[in-house]
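Data block below; observations after.
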Ligand SMILES: Nc1ncnc2c1ncn2[C@@H]1O[C@H](COP(=O)(O)OP(=O)(O)O)[C@@H](O)[C@H]1O
Ligand SMILES: [Mg+2]
């Protein structure tokens with residue numbers, strides 16, 4: 001559905017050149033929900049704007065929904081939907097006015113447009129809100145309308161830029177349900193960006209982690225977490241048995257990567273904790289090591305990001321080695337990089 005090779009974007013600013021995207025390769029298969037996860041300023045929106053023909057790449061090639069990005073931009077625009085980071089609705093219009101206008105832009109006729117719009121209203125749980133002014137909608141309702149606008153022409157591939165940023169946790173989870181439905185019920189391929197770890201984890205079949213314009217890791221959420229750190233089993237020993245006995249007992253267990261002792265706490269890094277937990281307990285029991293408690297923790301995507309970049313995605317702070325021009329340009333042109341309308345490509 002998407003095939004990208006060496007895609008790059010440099011912005012010339014007063015303070016110098018900003019390399020927003022530094023030659024990325026990626027593939028998205030039909031029917032997948034793929035997430036582009038990275039901190040603010042990583043290059044997510046710039047990539048999306050290139051793939052939706054809104055921004056000319058400085059280098060690289062791409063095929064999007066079967067059309068060549070550079071040679072057939074019109075075809076690409078017809079086949080995709082795009083929901084911009086800031087949405088594209090007009091507060092002074094009603095919900096149905098927005099939808100019908102969008103349908104007309106895609107040259108759907110009167111009856112067809114009305115039918116399509118009422119279907120979308122149901123699909124995105126907006127039925128009953130037809131005559132409401134957009135400015136009176138809640139954040140979650142407005143975001144669902146943004147998505148409905150991106151789907152008016154029934155695209156096989158839809159790009160969502162930070163679909164849930166700014167929404168409360170309940171509306172976010174609700175929106176995830178709708179994004180999953182796009183894949184499950186309509187077989188739509190979804191390429192979304194996010195800086196939320198939980199969103200990438202809960203929603204995406206596959207994640208590409210982007211940092212400073214480069215893809216630093218790729219895989220399913222499980223693969224990524226597993227590849228980096230395995231699982232962590234923390235065992236609190238009981239009584240005064242020498243922890244060395246426990247360590248020695250665990251030596252023979254396959255899949256145990258690493259063991260450390262801190263006082264009476266034993267930390268064991270294993271390949272697959274869920275499967276090995278029982279083996280570990282039995283082995284310790286057989287060796288006569290009494291256990292006070294045992295805990296299994298899975299690594300999070302944040303551990304993955306931390307391992308790869310040396311900083312946490314949670315604090316979302318720029319790395320100490322960040323390129324100065326990149327940092328400063330964020331203030332300069334940030335607004336422009338986030339502009340665009342829902343399916344801005346079509347307008
Ligand atoms: N129009 C522009 N002019 C100059 N710099 C830009 C422009 N758009 C984006 N950038 C810079 O490119 C980098 C990536 O931005 P962006 O793609 O918006 O990141 P993200 O969406 O991941 O937060 C940032 O350093 C940003 O300041
Ligand atoms: Mg962005």
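The values are calculated or read from the model by the stated rules, or taken from the named source; none is laboratory data. Given the structure is predicted, the values throughout are model-derived calculations rather than measurements. Note that we place each Cβ from the backbone using ideal geometry, even for glycine, and neighbour counts take in every protein chain shown.
Could you tell me which residue of segment 256-294 is nearest to the chain's Cα centre (by Cα), considering only residues that are part of a strand (DSSP E or B) and at pLDDT 90 or above?
Filtering segment 256-294 for residues that are part of a strand (DSSP E or B) and at pLDDT 90 or above, the one nearest to the chain's Cα centre (by Cα) comes out as 294.
Each row is one residue, and each column tells you yes or no for (1) in contact with a strand residue (DSSP E or B) (Cβ under 7 Å, 6 or more places away or on another chain); (2) on the phi > 0 side of the Ramachandran plot; (3) exposed (fewer than 13 other Cβ atoms within 10 Å of the Cβ); (4) in contact (Cβ under 8 Å) with a residue 60 or more places away in the chain.
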residue	(1), (2), (3), (4)
240	no, no, yes, no
270	yes, no, no, no
276	yes, no, no, no
289	yes, no, no, no
298	yes, no, no, yes
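Of 86, 47, which residue is in a helix (DSSP H, G or I), within 14 Å of ligand 1 (Cβ to nearest atom) and closer than 27 Å to residue 204 by Cα?
Within the list 86, 47, the selection yields 47.
I'm trying to understand the selection: among the residues of segment 64-79, which are in a helix (DSSP H, G or I), touching a residue at least 12 places away in the same chain (Cβ under 8 Å) and out of contact with any strand residue (DSSP E or B) (no Cβ under 7 Å at 6 or more places or on another chain)?
73, 77, 78, listed by residue number.
If you go through segment 56-74 one residue at a time, do you hit one that is assigned by TED's automatic domain parsing to the domain that holds residue 157, within 16 Å of ligand 2 (Cβ to nearest atom) and either at pLDDT 95 or above or within 30 Å of residue 144 (Cα to Cα) (or both)?
Among the residues of segment 56-74, not one is assigned by TED's automatic domain parsing to the domain that holds residue 157, within 16 Å of ligand 2 (Cβ to nearest atom) and either at pLDDT 95 or above or within 30 Å of residue 144 (Cα to Cα) (or both), which makes the answer no.
Report, by residue number, each residue of segment 26-38 that is under 18 Å from residue 8 (Cα atoms) and either out of contact with any helix residue (DSSP H, G or I) (no Cβ under 6 Å at 6 or more places or on another chain) or more than 16 Å from ligand 2 (Cβ to nearest atom) (or both).
The answer is 26, 27, 28.
Kindly establish whether residue 132 is in contact with a strand residue (DSSP E or B) (Cβ under 8 Å, 6 or more places away or on another chain) and more than 26 Å from residue 48 (Cα to Cα).
So residue 132 fits the description; yes.
If only one of 156, 181, 172 is over 15 Å from the mean Cα position of the chain (by Cα), touching a residue at least 24 places away in the same chain (Cβ under 8 Å), in the same structural domain as residue 54 (by TED's automatic domain parsing) and farther than 13 Å from residue 81 by Cα, which one is it?
181
Considering every residue within segment 154-161, establish whether at least one is assigned to a helix (DSSP H, G or I) and surrounded by fewer than 23 Cβ atoms within 10 Å (Cβ to Cβ).
No, segment 154-161 contains no residue that is assigned to a helix (DSSP H, G or I) and surrounded by fewer than 23 Cβ atoms within 10 Å (Cβ to Cβ).
Do we find a residue being buried (at least 21 other Cβ atoms within 10 Å of the Cβ) and either over 18 Å from residue 154 (Cβ atoms) or under 29 Å from the mean Cα position of the chain (by Cα) (or both) anywhere in segment 91-98?
Within segment 91-98 (the criterion being buried (at least 21 other Cβ atoms within 10 Å of the Cβ) and either over 18 Å from residue 154 (Cβ atoms) or under 29 Å from the mean Cα position of the chain (by Cα) (or both)), the answer is yes, since at least one residue qualifies.
Quick one: how many residues across segment 131-146 are in contact with a helix residue (DSSP H, G or I) (Cβ under 7 Å, 6 or more places away or on another chain) and in contact (Cβ under 8 Å) with a residue 40 or more places away in the chain?
Number satisfying all stated conditions: 5.
What are the pairs with Cβ atoms under 7 angstrom where one residue, in segment 91-116, is outside the structural domain of residue 151 (by TED's automatic domain parsing) and the other, located anywhere, is surrounded by fewer than 15 Cβ atoms within 10 Å (Cβ to Cβ)? Sequence gap at least six, or different chains.
Sorted first by the residue in segment 91-116, then by its partner, the list stays empty.
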